[in-house]
Amino acid sequence: MQDGARLKSFFGLALFLLLCGIAAAAELRGRVSSTEEGAMEGVLVSARRADSSITVTVATGNDGRFELRALVAGRYALSIRAVGYLLDGASEIDVREAMGPLELRLRKAPNLAAQLTNTEWFMSMPGSAEQKRPLIECMSCHTFERIARTRYGPGEMFEVLKRMTTYANNSTMQKVQVRKVERKYEEQNLRRLAAYLATVNLSNGEWAYPLKTLPRPSGRATRALITEYDMPRKTIAPHDVQVDAQGMVWYSNFVENYLGRLDPKTGAHEEFAWPVVKPGAPTGALALSSDRDGNFWLAGMFQTGVVKFDVRKKSFQVFRLPAEMNNDASQQSMVMPAQSQVDGKVWTNEVSKQALMRLDVKTGKYELFEPFKLMGGSHSPYGLVADAANNLFFMDFGGEAIGRIDAKTGQAVIYPTPTPRSRPRRTMMDRDGKVWFAEFAANKVAVFDPAKETFREWDAPTPHTYPYDVFVDKNGELWSGSMSSDRILRFDPATGKSIEYLLPRQTNVRRVFVDSSTTPVTFWVGSNHGASIIRLQPLD
Amino acid sequence: MGGADEHPDEGLIFFGYVKDARGAPISGAKVTATMKSGNTFIVQTSATGLYRLPTFSYQINPAEVVIACAKEGYKQTRVIRRPIAKANPPKPVETECRMERG
């Protein structure tokens, strides 16, 4: 175990002074139109003050109008998002008090491919669902444009895919990390995928399929204010984001050994470094979860073990795996300390053994639980949540089930989901003890009732959106994010109605968080590939 | 490159029906498969009374998997297992779980 935190970087003070120092509030309003459509609904208009790390975004209503209020007067960079279009005209503007409305004109984008989300690539590329299915692994690190623009034939593409198996899952384009041992793969599967990809890339000189796009937001989906906080380094990969009782935003960095903290009021950003305990292994943490005392725990990924951050002392305690449990493939992606006050135990997973582990915080000893031992097939316990007695519910991300481990007996019960090959990913428990989760590969959100041992599943409204996580807010509404469509799903299970908010930039969504202390609630998410943290405030 | 996408259907399969005394299918019944390790798998029957467990490894001895069914208002009377034809790899195991009111 090692202690010691290092206060790393600190920025945003200048911005804070700017925000406070200039009292006069200006607003930016106007109308967006194009020759093709006239007034345009659902166009995202973003403004970012010069030298600021904060971008604010609203969507146009059905009359094409938008309004960004309470801006500090000054020079702003303007940008828009409307697939198929670009801003025609100045992209910088002086925002002053009492200025008249802007007329923003859009023109057709010459390079549509550069604007497509992965969902739109999935829609556009010909091929069967089975052929496309393995591509959901690719988007953990990059967009499909990268694949579609290659000119490789099947043989060359196979070599590329083989190289991909050597990278850690906690890799981004800004920080590629090599695994100590390569991922297991079956040659015939890789060859099949390579052959398919060579039919949808530029190996024949052009794309022999039209590029399809999703509709722009409309109606309620245009009624939100989005604030994006850029991180001070491009390599920062926010994975799990959580807001504490004081309104501070904490996040795990997927590729670097830092715990980050953002003050959304000022934009001030701080990082706390935790030690590299396994040199040569990829760095970074995945899950971030708090215990009853408000201290944060990180799952140490390939660094292995779990890490506790004492919020008051600002110090870390690393609970390393003992040598006999630690191997080159050892990986802890999840940690669940939320009910550790019950029995002094914190749950985690061991990806390399398809297993769960439980840490005794006092002794630092880990116990191993192998519910899938001798089961065969593909399994990988992933998202974790604990009930009031610290019994564990886990998602079998490798397969098609959720499981429960009894805290007292250690016995596991596995509940296969109604939809096969659903690959349940992250989870949360609501006030009634129901387990909500995302069925990543099935494109569904679902709930499991532990009392009745029954499931309910709902299709995500847009195909190929691959929900990663879910969060149920105080109103019983469910929030989820797509890893592929840059859209945030708000879903009411009582009515079956859903809204999909579009985010202003390419955003690889992972863990989602809803702050229910505000009305309406406030949604938070990290941009895993985009080095930013995003706040979405619905206006209704 | 991993996950459930490799060999989705290769391995030992348990499937079957839950029926009442007259042979009518019972939907929404809980079917429990208990392994030698003590770990259990729990699934619900469909509208036609059908259940199917996830695929197990061939290392599992089918004779050591205990199938039971339950539903509120019913009690289990017996579990019929169709004779398993010797085959390599083993054939799917079909069971019929009978319940009656009470």
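The values are calculated or read from the model by the stated rules, or taken from the named source; none is laboratory data. Keep in mind the model is a prediction, meaning the values are calculated, not measured. Backbone-built Cβ (ideal geometry, glycine too); neighbour counts: all protein chains shown.
Contact annotation: residue pairs with Cβ atoms under 9 Å, 6 or more positions apart or on different chains, pairing a residue in region A:198-222 that is within 30 Å of A:Gln537 (Cβ to Cβ) with a partner that is acidic (Asp, Glu) and in a loop (DSSP other than H, G, I, E, B), are A:Arg216/A:Glu41; A:Pro217/A:Glu41; A:Ser218/A:Glu41; A:Gly219/A:Glu41; A:Arg220/A:Asp540; A:Thr222/A:Glu41.
When the helices (runs of 4 or more DSSP H) confined to region A:122-239 are screened for residues that are more than 12 Å from chain B (Cβ to nearest Cβ) and charged (D, E, K, R), those reaching at least 2 such residues are found at A:145-148, A:154-164. For region A:81-117, a tally of residues being of a type outside the set (Val, Ile, Thr) and touching a helix residue (DSSP H, G or I) at 6+ places or on another chain (Cβ under 8 Å) returns 5. Screening region A:448-473 for residues that are touching a Leu at 6+ places or on another chain (Cβ under 9 Å) and surrounded by fewer than 20 Cβ atoms within 10 Å (Cβ to Cβ) and picking the one that is nearest to the other protein chains (Cβ to nearest Cβ) gives A:Trp458. What about A:Ser498, is it closer than 16 Å to A:Leu214 by Cβ, away from chain B (no Cβ under 14 Å) and at pLDDT below 95? Here the answer is no, as A:Ser498 does not meet what is asked. Residues that are touching a residue at least 12 places away in the same chain (Cβ under 8 Å) and among the hydroxyl-bearing types (Ser, Thr, Tyr) were ranked within region A:107-149; the one that is farthest from A:Thr172 (Cα to Cα) is A:Ser124.
Criterion applied to A:Glu350, A:Glu370 was being within 14 Å of chain B (Cβ to nearest Cβ), of a type in the set (Asp, Glu) and closer than 29 Å to B:Pro62 by Cβ, and the one residue passing it is A:Glu370. Those strands (runs of 3 or more DSSP E) of region A:294-367 in which at least 2 residues are buried (at least 24 other Cβ atoms within 10 Å of the Cβ), considering only elements entirely within it, cover A:296-299, A:306-310, A:345-350, A:355-360.
Condition first: of a type in the set (D, E, K, R), surrounded by 22 or more Cβ atoms within 10 Å (Cβ to Cβ) and part of a strand (DSSP E or B). Can you find one or more residues in region A:503-524 that meet it? Spell out the reasoning first.
Taking region A:503-524 first, the residues of a type in the set (D, E, K, R) are A:505, A:510-511, A:515.
Restricting the remaining residues to those that are surrounded by 22 or more Cβ atoms within 10 Å (Cβ to Cβ) gives A:510-511.
Next cut, part of a strand (DSSP E or B) only: A:510-511.
Within region A:503-524, one or more residues are of a type in the set (D, E, K, R), surrounded by 22 or more Cβ atoms within 10 Å (Cβ to Cβ) and part of a strand (DSSP E or B).
Taking the stated definitions as given, is A:Ser252 more than 25 Å from A:Asn528 (Cβ to Cβ) and of a type in the set (Ser, Thr, Tyr)? Against the criterion (more than 25 Å from A:Asn528 (Cβ to Cβ) and of a type in the set (Ser, Thr, Tyr)), A:Ser252 does not qualify.
Can you confirm whether A:Ser378 is polar (S, T, N, Q), more than 7 Å from chain B (Cβ to nearest Cβ) and in a loop (DSSP other than H, G, I, E, B)? So A:Ser378 does not fit the description; no. Residues in region A:368-389 that are touching a residue at least 40 places away in the same chain (Cβ under 8 Å) and of a type in the set (Gly, Ala, Ser) were compared, and the one that is surrounded by the most Cβ atoms within 10 Å (Cβ to Cβ) is A:Gly383.
Residues that are among the hydroxyl-bearing types (Ser, Thr, Tyr) and in contact (Cβ under 8 Å) with a residue 40 or more places away in the chain within region A:356-367 comprise just one, A:Tyr366. Taken over region A:399-424, the criterion of being more than 8 Å from chain B (Cβ to nearest Cβ) and either surrounded by fewer than 23 Cβ atoms within 10 Å (Cβ to Cβ) or over 26 Å from A:Ile136 (Cβ atoms) (or both) is satisfied by A:Arg404, A:Ile405, A:Asp406, A:Ala407, A:Lys408, A:Thr409, A:Gly410, A:Thr419. In region B:5-78, counting only strands (runs of 3 or more DSSP E) that sit wholly within it, the ones holding 3 or more residues that are within 13 Å of chain A (Cβ to nearest Cβ) and closer than 21 Å to A:Glu400 by Cβ span B:30-34, B:40-44, B:50-52. Taken over region B:79-93, the criterion of being within 14 Å of another protein chain (Cβ to nearest Cβ) and exposed (fewer than 13 other Cβ atoms within 10 Å of the Cβ) is satisfied by B:Pro89 alone.
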